[in-house]
1. Would you list the strands (runs of 3 or more DSSP E) that sit entirely within region 56-169 and hold 1 or more residues that are on the phi < 0 side of the Ramachandran plot and without any contact (Cβ under 8 Å) to a residue 60 or more places away in the chain?
2. Take residue 152 and decide whether it is surrounded by 15 or more Cβ atoms within 10 Å (Cβ to Cβ) and either under 19 Å from the mean Cα position of the chain (by Cα) or in the same structural domain as residue 204 (by TED's automatic domain parsing) (or both).
3. Would you check if residue 23 is under 30 Å from residue 219 (Cα atoms), at pLDDT 95 or above and crowded, with 18+ Cβ neighbours inside 10 Å?
4. Being without any contact (Cβ under 8 Å) to a residue 60 or more places away in the chain and touching a strand residue (DSSP E or B) at 6+ places or on another chain (Cβ under 6 Å) is the filter; apply it to region 170-198 and report the residue that is surrounded by the fewest Cβ atoms within 10 Å (Cβ to Cβ).
5. Determine which single condition residue 45 fails, assuming it passes every other condition in (1) out of contact with any helix residue (DSSP H, G or I) (no Cβ under 8 Å at 6 or more places or on another chain); (2) more than 24 Å from residue 105 (Cα to Cα); (3) not in a loop (DSSP other than H, G, I, E, B).
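The values are calculated or read from the model by the stated rules, or taken from the named source; none is laboratory data. If you're wondering where the values come from, they're calculated on a predicted model, not measured in any experiment. Methodologically, a virtual Cβ is constructed for each residue, glycine included, from the backbone with ideal geometry; neighbour enumeration extends over all protein chains shown.
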């Protein structure tokens with residue numbers, strides 16, 4: 001069994017042709033002076049981004065690189081990173097995020113303030129500092145998803161029954177209990193992560209963060225967000241070169257989440273309608289996404 005480190009924060013970053021922003025992410029993490037280790041899991045990148053990171057930081061003993069022979073997906077790669085990590089707190093960070101030097105200390109202080117927190121989110125912002133969408137989310141039930149898709153969620157302040165998946169930005173700066181947080185930066189005590197079995201490897205990409213939040217709550221812990229802790233995220237930067245690939249896995253993951261957790265999936269008719277709707281939506285998007293991908297590849 002891998003030895004664990006008390007007061008050691010393990011930051012896990014998964015790379016998959018993540019481009020130049022990966023170097024900026026690694027640079028920002030290693031600029032901290034907190035007790036941390038950085039586990040970089042490479043999902044068979046072919047763009048040279050991991051090699052560029054090693055050329056700069058190979059001498060830093062806090063950096064460890066795991067190489068997969070193929071792209072295993074985000075959740076499975078996170079699990080492999082966690083399996084070799086030694087810290088008592090895990091941070092799963094997207095490769096296009098930039099963090100502040102005091103990130104680990106701030107996260108640990110928040111976790112220490114409430115032992116019932118099993119998963120902590122932060123205020124994810126765009127590079128200019130504006131809060132990103134999806135920092136505070138509700139569980140994506142069928143009803144909420146339909147309200148969001150139809151635009152009815154805009155009326156939820158007047159009619160709460162029309163609430164959608166995304167919640168508006170927090171009014172205050174205090175920590176808050178929510179159903180789900182942004183997957184760009186997920187923070188878990190090691191004990192909680194191991195007890196729920198880590199990420200569900202049935203997801204390749206997308207919705208694995210929602211699944212993790214749901215299972216943390218089912219395990220009796222709180223999912224919380226601390227908006228005082230900020231992480232800048234160039235949202236989608238690591239997936240713009242392959243939009244059709246990403247969209248296909250996103251739709252597949254939404255179907256998995258629906259059948260796994262939503263009571264509506266027990267109804268055979270609703271199940272069939274949702275399946276048809278998810279893949280019809282993908283089919284309508286596919287031609288434009290394929291064209292976009294070809295244009296980016298030609299640049």
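1. On the way: elements: 63-68, 87-93, 97-99, 117-125.
In region 56-169, the matching strands (runs of 3 or more DSSP E) lie at 63-68.
2. On the way: surrounded by 15 or more Cβ atoms within 10 Å (Cβ to Cβ): yes; either under 19 Å from the mean Cα position of the chain (by Cα) or in the same structural domain as residue 204 (by TED's automatic domain parsing) (or both): no.
So residue 152 fails the test.
3. Working: under 30 Å from residue 219 (Cα atoms): no; at pLDDT 95 or above: yes; crowded, with 18+ Cβ neighbours inside 10 Å: yes.
Taking the combined requirement at face value, the residue does not satisfy it.
4. Ranking the qualifying residues of region 170-198, first place goes to 173.
5. With respect to (1) out of contact with any helix residue (DSSP H, G or I) (no Cβ under 8 Å at 6 or more places or on another chain); (2) more than 24 Å from residue 105 (Cα to Cα); (3) not in a loop (DSSP other than H, G, I, E, B), residue 45 is out only on (3).
So that you can scan it fast, the table gives a plain yes or no per residue for (1) touching a helix residue (DSSP H, G or I) at 6+ places or on another chain (Cβ under 8 Å); (2) assigned by TED's automatic domain parsing to the domain that holds residue 13; (3) crowded, with 20+ Cβ neighbours inside 10 Å:
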position: 213; (1), (2), (3): no, yes, yes
position: 265; (1), (2), (3): yes, no, no
position: 268; (1), (2), (3): no, no, no
position: 274; (1), (2), (3): yes, no, yes
position: 286; (1), (2), (3): yes, no, no
